[in-house]
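Trainee: Sharing a structure here in C-alpha cells format.
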Amino acid sequence: MKKLILALSLTGFAALPALAQEADFAKVDANADGMVSMEEAAAAGWTWTEDDFKAADADGDGSLNADEFAAAAG
C-alpha cells in the first residue's frame, strides 16, 4: 500500500511543472484570447526584450501561444 501511495504521489508531482506553466500562461494572457502579447507579458512582470519575444514567437504571428510561452518561460 505504501508503494502505491508513493507511486501515485510521484506521478502527481511529475505533472506539477506542466500545471504551473499553464497557470502562468493563463495569468499572463490577460484578455484570455489564447495568446500572449509583448504588452501582456510586460504587464505580468516578464522582462523579455523585444528580441527575446520575437525569438520565442516561432510562428512569427506577433504573439506567443501556450507552447511558445512554455518554451520561452522554461
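Read the figures in this text as sums done on the coordinates, not as results from a lab. Computed from a prediction, not measured in an experiment: that's the story for all the values here. Neighbour counts run over all protein chains shown; Cβ positions are idealised from the backbone, glycine included.
Trainee: Label the range 31-74 by shape, choosing from rounded, prolate and oblate, from the square roots a ≥ b ≥ c of the eigenvalues of the Cα gyration tensor; if a/c is under 1.5 it is rounded, and otherwise prolate applies when a/b is larger than b/c, oblate when it is not.
Mentor: Since a/c stays below 1.5, the shape of the range 31-74 is classed as rounded.
Trainee: Using Cα centres only, tell me the gap between the range 58-74 and the range 23-37 in whole Å.
Mentor: A separation of 11 Å, based on Cα centres.
Trainee: Could you give the size of the charge dipole of the range 20-73 about its Cα centre, using +1 on the Cβ of each K and R and -1 on the Cβ of each D and E, expressed in debye and rounded to the nearest 20?
Mentor: That gives the range 20-73 a dipole magnitude of about 180 debye.
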